[in-house]
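Read the structure below first, then the notes.
The values are calculated or read from the model by the stated rules, or taken from the named source; none is laboratory data. This one's a predicted model, so the numbers in the text were calculated from it and none came from an experiment. Cβ atoms come from the backbone with ideal geometry, glycine included; neighbour counts cover every protein chain shown. Side chains included, ligands, DNA and RNA excluded: accessible areas come from the protein's heavy atoms. Shrake-Rupley method; radii C 1.70, N 1.55, O 1.52, S 1.80 Å.
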Amino acid sequence: IMCPLCDKYCPYMKLSDSCVYAKVTHLFDNGATVFFAVFMAVWATVFLEFWKRRRAVIAYDWDLIDWEEEEEEIRPQFEAKYSKKERVNPISGKPEPYQAFTDKCSRLIVSASGIFFMILVVIAAVFGIVIYRVVTVSTFAAFEWALIRKNSQVATTGTAVCINFCIIMLLNVVSVEKKNYKRSLTTQVVQILISVYTVIYWDTKCNCFVPNDVISHMYFLLRFTGRPGAYLRLINRWKLEECHPSGCLIDLCMQMGIIMVLKQTWNNFMELGYPLIQNWWTRRRLRQEYGHEAKASFPQWEKDFNLQSMNDYGLFEEYLEMILQFGFTTIFVAAFPLAPLLALLNNIIEIRLDAYKFVTQWRRPLASRAKDIGIWYGILEGIGILSVITNAFVIAVTSDFIPRLVYAYKYGPCAGQGQAGEKCMVGYVNASLSVFQVSDFENRSEPKTDGSVKYCRYRDYRDPPNSKEPYSYTLQFWHVLAARLAFIIVFEHMVFTIKNLISYLIPDLPKDLRDRMRREKYLIQEMMYEAELDRLQKERNERKKNGKSHHNEWP
């Protein structure tokens, strides 16, 4: 009999009731999870290294290897405001509008204040979701419908995901409105950071991963949730949410899956649906102004002009979407292994949707030269590094991989034999559950029952209530904690070593491209050498013809 998951209204439940969730959790919380996480970390490195090679080939084909972006033009708004103050540009030697240092500092302070405010908004929203979860689980536990009452934790997770999704969309809109001039590198970097931290922070079950996951899911070693009879509470009122009896990973996986599917579906709908609606409205307006026959006789260039123009930020949103998807498929792949599959399916569909949008719904965009993807590549590398650290913590702290390993080698039937198999896990579930005496419940958390239950179990490694130090941590807890920390260190160092080795072994330029570039350089040097010889030969012939001779001539 398991202890209630919430105060008063949550009933006692049998461990066998969570067998379905335990079986689902075992699909991605097993020994293969470690190897899959290592594979995805290596894949991220290989992907980026081969992209560098592909980028070099494309840049060479378009003659952009040695091309440097020209200095950006001054914005008309900036020139109009600061045209009275000018100074000579040390590069071009021409006078240009000048912004005083004090004015620049004041603007930076205002921008930093706006970013800090957005961070506070995110933290406030996270805190609000945490409170919503701990309050709603009790409400659903006392619900009239038996289906919701029996699955109160799943219902809480589902509704919290919907709220998360709405907040993601809202914060994205707010962050887009904060963007100013599209070519400002500082503004782009700030927007990238806001978007990445906002969306990845939330999409990867932010309410669970940061406060709630640190508190009740992921950072099991910190024990922030407390225990039955001594729960830690928010504002000394709300009991923090606990993991499902089947484990902590199922909740994280459920939220990530729902958020990823909803976000991809919504993005694809908006990317294609919004231009379709706008173009339909434009065609309707033109029919009313010119009539159906006159509209049909428009030349093709005028029909194209009536299409929607590309958004003001160019491919920024497209890049951002791919960056966030890359984060989904790498950062929390240990918690949600289906993320790469969903990303693949989404990209297959989105390629065709983008092609249809560019060809039929948008005006032809103006091309601009670029030899790489700019700052986005650095962000991809940063996400690749972050994914190693995050997956190490997910496997070590959130999953049951380490506790099972410790039990198999130290406390199970095969302890001391140096082997770990299915037979070695007999008794693991019982060893991972501690005993709690119901009479030790706090008054505000004691469930409303007939009092027939004397003891209940909960996930933890604590001494029984009749021991010398009731509910103190057992030796097994410290062994598991040490194993978790050791795994994080070993996993990170091993994966980082493999990543660096792969980066070193894969050259940035393909061999055939390197040979072509060397051949091209050699031919240029030969042409310059021959041209110089021809020039000197002509000068020599001219001197001889004029009867002039000079010493130290070239042979």
- Would you pick out the residues in the stretch 169-180 that are at pLDDT below 75, under 17 Å from Leu120 (Cβ atoms) and aliphatic (A, V, I, L, M)? Leu171, Val174
- Item | Any chance Pro447 is part of a loop (DSSP other than H, G, I, E, B) and either of a type outside the set (A, V, I, L, M, F, W, C) or out of contact with any helix residue (DSSP H, G or I) (no Cβ under 7 Å at 6 or more places or on another chain) (or both) | yes
- Task: Could you tell me whether the stretch 431-440 includes any residue that is hydrophobic (A, V, I, L, M, F, W, C), in a helix (DSSP H, G or I) and more than 27 Å from the chain's Cα centre (by Cα)?
- Result: yes
- Could you please tell me which pairs satisfy a Cβ distance under 9 Å, a separation of 6+ or placement on different chains, a first residue in the stretch 434-451 that is open to solvent by less than 50 Å² (accessible area, probe 1.4 Å), and a second residue that is of a type in the set (A, V, I, L, M) and not in a helix (DSSP H, G or I)? Val438/Val453; Glu442/Ala230; Pro447/Val453
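Condition check ((1) surrounded by 24 or more Cβ atoms within 10 Å (Cβ to Cβ); (2) at pLDDT 75 or above; (3) out of contact with any Ser or Thr (no Cβ under 8 Å at 6 or more places or on another chain); (4) in a helix (DSSP H, G or I)) across all residues:
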| position | (1), (2), (3), (4) |
| --- | --- |
| Phe224 | no, no, no, no |
| Met254 | no, yes, no, yes |
| Gly257 | no, yes, yes, yes |
| Val261 | no, yes, yes, yes |
| Thr265 | no, yes, yes, yes |
- Task: Considering only the stretch 508-534, state which residues are part of a helix (DSSP H, G or I) and acidic (Asp, Glu).
- Result: Asp512, Asp515, Glu520, Glu526, Glu530, Glu532, Asp534
- For the stretch 366-396, the count of residues that are hydrophobic (A, V, I, L, M, F, W, C) and either more than 27 Å from Phe47 (Cβ to Cβ) or open to solvent by 40 Å² or more (accessible area, probe 1.4 Å) (or both) equals 8
- Message: Consider the stretch 228-252. How many of its residues are without any contact (Cβ under 8 Å) to a residue 40 or more places away in the chain and part of a loop (DSSP other than H, G, I, E, B)?
- Response: 4
- Query: Across the stretch 467-484, which residue is farthest from Gly226 (Cα to Cα) among those that are surrounded by fewer than 19 Cβ atoms within 10 Å (Cβ to Cβ) and charged (D, E, K, R)?
  - Reply: Lys468
- Any residue in the stretch 309-322 that is small (Gly, Ala, Ser), out of contact with any Phe, Trp or Tyr (no Cβ under 7 Å at 6 or more places or on another chain) and without any contact (Cβ under 8 Å) to a residue 40 or more places away in the chain? no
- Please enumerate the residues belonging to the stretch 368-394 that are among the aliphatic types (A, V, I, L, M) and assigned to a helix (DSSP H, G or I). Ile375, Ile379, Leu380, Ile383, Ile385, Leu386, Val388, Ile389, Ala392, Val394
- Message: Given the condition under 24 Å from the mean Cα position of the chain (by Cα), surrounded by fewer than 16 Cβ atoms within 10 Å (Cβ to Cβ) and of a type in the set (S, T, N, Q), answer yes or no: does some residue in the stretch 14-37 qualify?
- Response: yes
- Query: Given the stretch 279-356, what helices (runs of 4 or more DSSP H) lie entirely inside it while holding 2 or more residues that are open to solvent by less than 30 Å² (accessible area, probe 1.4 Å) and among the aliphatic types (A, V, I, L, M)?
  - Reply: 316-331, 339-356
